[in-house]
1. How much net charge surrounds GLN119 when only the other residues with a Cβ under 15 Å from the Cβ of GLN119 are counted, with Lys and Arg +1 and Asp and Glu -1?
2. List the residues, sorted by chain then number, that are 5 or more residues from SER72 or on another chain and whose placed amide H is less than 5 Å from its amide H.
3. Net charge near PRO21: determine it from the other residues with C-beta under 9 Å of the C-beta of PRO21, scoring Lys and Arg +1 and Asp and Glu -1.
4. Work out the charge dipole of region 1-152 with +1 on the Cβ of Lys and Arg and -1 on the Cβ of Asp and Glu about the Cα centre, then indicate which of ALA41, ALA127, GLY104 is farthest towards its positive end.
5. What ranking of GLU227, GLU46, GLU205 emerges when the number of other C-beta atoms within 10 Å of each C-beta is taken as an exposure proxy, fewest first?
6. What is the chain's relative contact order, in percent, from Cα pairs under 8 angstrom and six or more apart in sequence?
7. With r defined as the distance between the Cβ atoms of ASP234 and GLN136 and R0 fixed at 35 Å, what FRET efficiency is calculated, to the nearest 0.05?
8. With θ set to phi - 60°, apply the Karplus curve 6.51 cos²θ - 1.76 cosθ + 1.60 along region 30-38 and write out the HN-Hα couplings as whole Hz, x wherever there is a Gly or Pro.
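Computed from the coordinates by the stated procedures, all read-outs in this text should not be read as laboratory data. In this text the structure is predicted, and so the values were computed from the model without any measurement. Methodologically, a virtual Cβ is constructed for each residue, glycine included, from the backbone with ideal geometry; neighbour enumeration extends over all protein chains shown.
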Amino acid sequence: MRRSGLVVWAALRQVQAVARPGLSTVQLDQTVREVFDHFGAQGVFEGYPGRTPFPAVSCISVNEELVHGIPSSRVLQDGDLITVDAGCRYQGWCADAAVSFIVGTPRPATQRLLQTAQQTLRLAIQAMSRAQRWSQVARQMLQFVRQQGYWLVDQFVGHGIGRHLHEKPDVPNVPPKPGNPRGEFLLQPGLVIAVEPMLNTSTKEIRLREDHWTVVAADGLPCVHVEHTVAVTDQGVWVLTGPPSTEEERRWLRQQGFSHLLGS
């Protein structure tokens, strides 16, 4: 799964490297497709069942769009907040991640929202190394987000992941209500989950557009989604969609032609 996670990391980094005002979201989706094809990985979003099958290899959501945005001819503008969510299956194993970033010149309010989401995801991953149950992690996430003045969307959840994109357990961003076992599970070695906080600016309420996929914030204000695939191991928590951390991983990416993503 780590190799699959590195493929997703490379695709999302490549998108960040090329994104700029004037490009369309469908062009960014094509970038993800090209990286997956290069590695021989299968995108697991395209064709995903729904009222209509999802038509692209990645979800690209802009500004007031929270999740599941369909890539289109929409052209990015300076200051747009964009989320790119992508998942693949590589050598039989899946990984899933989402990165959010600002195209061009950041606006202070949007930058703060983005930084809060990124901090929330880091907090959750760190808490997983100490907590025994997921509800303990979700409670910390919710408390932190509300302290910052934002809303954590609770209508969508993260998920287990492995041979398939979506597996048990459900991974809610807020703690389950007393007496409701949904979303409560032990954080024990062997568990692999997609952790994906979703933040709205002034309300947790959302609505679905007529395309049956794109979810937008009900207040029409910028919102943000970030995600990592995370494994619990005997040695601790491992972010499988994180950047390369060993020389062997960097060597593999260089051999695949992605030296430009590794920095100096």
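1. Net local charge, GLN119 excluded: +1.
2. THR25, VAL26
3. -1
4. The residue sitting farthest along the positive end of the dipole is ALA127.
5. GLU205, GLU46, GLU227
6. 21 percent
7. Efficiency at R0 = 35 Å is approximately 0.95.
8. Along region 30-38, the couplings run 5, 4, 4, 4, 5, 5, 4, 4, 4 Hz.
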